[in-house]
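The values are calculated or read from the model by the stated rules, or taken from the named source; none is laboratory data. Treat the numbers as computed from the prediction; the structure is a model and nothing was measured. Every residue, glycine among them, receives a Cβ derived from its backbone with ideal geometry; neighbour counts consider all protein chains shown.
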Amino acid sequence: MDRRNFFKKSFAVSAIGCASGFSLLNFLGGENKIYFRPPGALSEEDFLAACIRCGKCIQDCPYDTLILGSAKDGKSAGTPYINFRETPCYLCEDIPCIKACPTDALDHSLTDISKANLGTAVITDREACLSLNGIRCEICYRVCPLIDNAITLNKQENKATGKHTIFEPVVHKDACTGCGICENACPLDNSAITVIQTQKGDKAKHYFYLNEGVTS
Amino acid sequence: MNWVKNNKWKITRRIVQIGVILLLMTPIFGFSFFKGTLISSEIFGISLTDPFAFLDYTLATKTIYLPLLVSAILILGFYFLVGGRVFCSWICPIFILTEISEKLHDKFGVFNYKPSDSQKYWVLGVLLVLSLVTSKPVFEWISPIGIISQNIALGVDFQGSEFGSELALGSGEDFGTSKEFLIEGRNETEWRFLFNSSLWLIFAIFLIDVFVAKGWWCKSTCPVGAFYSIVHKTSPTKIKIDHEVCTSCGDCFKVCLVSEVLKEPVKGTTKWVNDGVCTNCMNCVDACPENALKLGLKIKQE
């Protein structure tokens, strides 16, 4: 093998190595984070099995809420997900993303968007929350599309001043769709209210005891 | 004018290939009659799905979803009629890259690796078994066809430049060094997009095509191509050779990507290009100086 040929070959091999290395590292590595799926999505495992990565839901989303998973998203590459801080789900009444899905990765039997369950909003930073610090913020409450159902205000005495009221936003898991509009609207740099993934209908026993006066 | 006459199929095919790319882009320009990618699409309200994606879905979920089956059968029926691998040479955008890389391979190819003919069937089998075992549609996950059509239909993938989520996760203020932290995070994600894109996979395939083996992906690896080869074998639409006119000049071999399929017909043992690997790209029909090659319907065995 002459020298010229050797350089040519090593160039070819290293170019191919780089390109395939980047893609393999991305696809096989992936980020270890929770992906929030469109309304009606099956549980994560079933969703990844049923989603054929066609991208139609992303195309049909009128608010560009849905983001296409790229190679860096590992096994979620090619699937739709939501970053609430960027764009939340605005809960379209005709649910175009579900209509666009060619498989049952998005449950076609979901027709009432208020029954969607993307997750549940939770006040994750009580120390930062302006409302809990006695400031009249309550933005999450005002923007909630299910205002007074999914988020209510719990009035308490403000012990710091002794004469004001703290309007504490309280999220009700049963009603919350996890649309993320509250997380998106939180005026703090890092939202004090975030959507987390929960199962609906698994209220703890003490909840019934304290709030509904029954034991289940 | 003569050039147009001698290349009429090639010109038609180029128009279709570019048309497919424009069709995929129509939603970006605000049209609504078409949406989707080559994995699954919808045209005038009719849902169409790549039958291989249907197979993958069925094996991964172990269920048959009827609307998906119907949309896959529509596509399967279409390619049965026109010849399975018409998908490859007329529709698939990866094939355009293969055609470019073929030309470049003649100039820059440093290896001349010849993968075996059965390789793509092995890939097909292994991927389907993997889908069954891992319960994920494995090929749809890494499909270059899916990646390229998503990048055409939804805009080029620069997801890595999106830094919202990373910043939200690491809360700078809590560490008391908010500014440095934020700037660092932003810089890191801004250059990282170069390495995050799924398009690297397409680029890797292109480089292998150019440097290592002519038509490595389309000809001997792609499982969708392998699937459509099986369809093509049963399809009635095939290239027909007229032995009385053929002078065995070999011009058709020069333009054919999968020239081994022409061996038997030109030798004279059969009237039809029976091999499923043929893509009905019609290059040979254009190239034949005697017009011995034509597209025909093979309805009964001859």
Next item on the list: Can you tell me which residue among A:Gly119, A:Gly162, A:Gly74, A:Gly134 is farther than 30 Å from A:Ser23 by Cα and touching a residue at least 40 places away in the same chain (Cβ under 8 Å)?
Entry: A:Gly119
Margin query: Looking only at the range A:77-86, filter to residues that are within 14 Å of the chain's Cα centre (by Cα) and buried (at least 24 other Cβ atoms within 10 Å of the Cβ); which one of those is farthest from B:Phe203 (Cα to Cα)?
Written below: A:Phe84
Next item on the list: Report, ordered by the first and then the second residue, all pairs with beta carbons closer than 8 Å, sequence separation of six or more or different chains, a first member in the range B:136-153 that is facing chain A (nearest Cβ under 7 Å), and a second member that is crowded, with 24+ Cβ neighbours inside 10 Å and among the aromatic types (Phe, Trp, Tyr).
Entry: B:Pro137/B:Tyr57; B:Glu140/B:Tyr57
Check: With respect to B:Val285, is the statement that it is in contact with a Phe, Trp or Tyr (Cβ under 6 Å, 6 or more places away or on another chain) and in the same structural domain as B:Thr49 (by TED's automatic domain parsing) true?
Finding: no
Notebook entry, point to check: Checking B:Leu207 against (1) more than 18 Å from B:Ile142 (Cα to Cα); (2) free of Cβ contacts under 8 Å to residues at least 40 places away in the same chain, which single condition isn't satisfied?
Noted result: (1)
Check: Among the candidates A:Cys51, A:Cys89, which residue alone is more than 7 Å from chain B (Cβ to nearest Cβ), at negative phi, crowded, with 20+ Cβ neighbours inside 10 Å and in contact (Cβ under 8 Å) with a residue 60 or more places away in the chain?
Finding: A:Cys89
Next item on the list: Quickly run through the range A:59-86 and pick out the residues that are at the interface with chain B (Cβ under 8 Å from one of its Cβ atoms), in contact with a Cys (Cβ under 9 Å, 6 or more places away or on another chain) and closer than 16 Å to B:Pro137 by Cβ.
Entry: A:Gly78
Item checked: Selection from the range B:26-85 of residues that are more than 25 Å from B:Val277 (Cα to Cα), of a type in the set (A, V, I, L, M), loosely packed, with under 14 Cβ neighbours inside 10 Å and modelled with pLDDT of 90 or more -> B:Ile43, B:Ile46, B:Ile64, B:Leu66
Margin query: Can you tell me which residue is nearest to the other protein chains (Cβ to nearest Cβ) among those in the range A:23-48 that are in contact (Cβ under 8 Å) with a residue 12 or more places away in the chain, over 18 Å from A:Gly119 (Cβ atoms) and assigned to a helix (DSSP H, G or I)?
Written below: A:Ser23
Checklist line | Check on B:Leu76, closer than 30 Å to B:Gly125 by Cβ and free of Cβ contacts under 8 Å to residues at least 24 places away in the same chain | finding: no
Next item on the list: Output the strands (runs of 3 or more DSSP E) that fall wholly within the range B:24-69 and possess 3 or more residues being facing another protein chain (nearest Cβ under 10 Å) and in contact with a Cys (Cβ under 6 Å, 6 or more places away or on another chain), or say none.
Entry: none
Notebook entry, point to check: Which of the helices (runs of 4 or more DSSP H) contained wholly in the range B:221-302 include at least 3 residues that are surrounded by 17 or more Cβ atoms within 10 Å (Cβ to Cβ) and among the aliphatic types (A, V, I, L, M)?
Noted result: B:223-234
Notebook entry, point to check: Across the range A:4-16, what is the number of residues that are surrounded by fewer than 13 Cβ atoms within 10 Å (Cβ to Cβ) and within 9 Å of chain B (Cβ to nearest Cβ)?
Noted result: 1
Notebook entry, point to check: Filter the range A:93-140 for residues that are in a loop (DSSP other than H, G, I, E, B) and under 16 Å from the mean Cα position of the chain (by Cα); which is nearest to A:Asn154 (Cα to Cα)?
Noted result: A:Thr124
Margin query: Where the second residue is surrounded by fewer than 20 Cβ atoms within 10 Å (Cβ to Cβ) and the first is among the polar types (S, T, N, Q) and lies in the range B:212-240, which pairs have Cβ atoms under 6 Å and are six or more apart or on separate chains?
Written below: B:Ser220/B:Pro115; B:Ser220/B:Gln119; B:Thr221/B:Val123; B:Ser235/B:Phe80; B:Thr237/B:Val82
